[in-house]
Amino acid sequence: MTRIFRHDPLNFAATPPAVKWLIAANVVGFLLSRLAGPQVYDLFGLVPQHLLFDRWIWQPITYLFLHGGIWHLLINMFVLWMFGMPVEAQWGAAEFLKFYFLCGVGAALTSTLIHPHSAIPVIGASGAIFGLLVAFAMLYPDAVVYVYFLIPMKAAHFAILCGLLEFFAGTTGSMPGLAHFAHLGGAVTGYVYIRWWWVWKVRAKGFARGLFEREDAPAPPRPRPAFAPRRSPREEPPADPMAEVDRILDKILASGLESLTDEERDIMRRYSPKRDRPS
């Protein structure tokens, strides 16, 4: 399927809700950190030593909203806006936010595992944003990204180049002061989540659907009466039956077949076979 996206001129009011919320939260976090002073970085930044030995478990989330300077903030927010808008448009706000924080936590854990005794705070949303870059490249691999606003490059190639540069800088120490392995951790977390978790989820849904159809096969059709009475509004099928089937399949995966109501079983009998017909 060909995915199409476009960017209108920068308009904060037209920005999708999750991206807008994240930008606003990062701006507020930056302003509050300026008012509170440098001690806020030790408390709410990612300090591996505190996370591992003092169990400051909030740090893998709060560090995402702190930045070291105005340019650090502006660059991260611009990249979040640029790559986040089309990704959120494809996934919706809830899935987008889940992915963003998952990549941010993956970046934090990677940095902590590599430097477990470090007392230097790691701050910034870059780890989560590297995950968004990977998501954008997987959704739109042939989209053109202008590196430094001048050099055109396909999104897939740009993501690979960024990963290689971060790995080289992290292993050689050629660019000190940046958490290169945190960036790589966010990118790898995003790739693993999209490449394997989503595939497993689709297969698990297919397995649950087949299990349901074996256990609760639809009854043989009844003879059709000479005239069909009009349905009451309560008996009308849902406006989006496929979305309802997806919701029920998620419920089966979470709680099992026994958790379904009679109404949900009836919906599955009516609609789940239709999902397997070729279009």
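Before moving on, here are some points about what is shown:
- Some residue of the stretch 95-103 being in contact (Cβ under 8 Å) with a residue 60 or more places away in the chain, within 18 Å of residue 46 (Cα to Cα) and either β-branched (Val, Ile, Thr) or not assigned by TED's automatic domain parsing to the domain that holds residue 41 (or both): no
- Wholly enclosed helices (runs of 4 or more DSSP H) of the stretch 13-93 bearing at least 1 residues surrounded by 13 or more Cβ atoms within 10 Å (Cβ to Cβ), aliphatic (A, V, I, L, M) and outside the structural domain of residue 131 (by TED's automatic domain parsing): none
- Per-region count, the stretch 53-67, residues of a type outside the set (Ser, Thr, Tyr) and closer than 16 Å to residue 28 by Cβ: 5
- When the residues of the stretch 166-203 are filtered to those that are touching a helix residue (DSSP H, G or I) at 6+ places or on another chain (Cβ under 6 Å) and aliphatic (A, V, I, L, M), the one that is modelled with the lowest pLDDT is 175.
- Among the residues of the stretch 109-139, the ones that are farther than 19 Å from residue 157 by Cα and without any contact (Cβ under 8 Å) to a residue 60 or more places away in the chain come to 1 in all.
- Entirely in the stretch 108-196, the helices (runs of 4 or more DSSP H) that have 1 or more residues that are assigned by TED's automatic domain parsing to the domain that holds residue 61 and over 22 Å from the mean Cα position of the chain (by Cα): 155-172
- The selection criterion, being within 15 Å of residue 88 (Cα to Cα) and buried (at least 23 other Cβ atoms within 10 Å of the Cβ), does not hold for residue 139.
The values are calculated or read from the model by the stated rules, or taken from the named source; none is laboratory data. Computed from a predicted model, the values in this text were never measured in an experiment. Note that each Cβ is placed from the backbone with ideal geometry, even for glycine, and that neighbours are counted across all protein chains shown.
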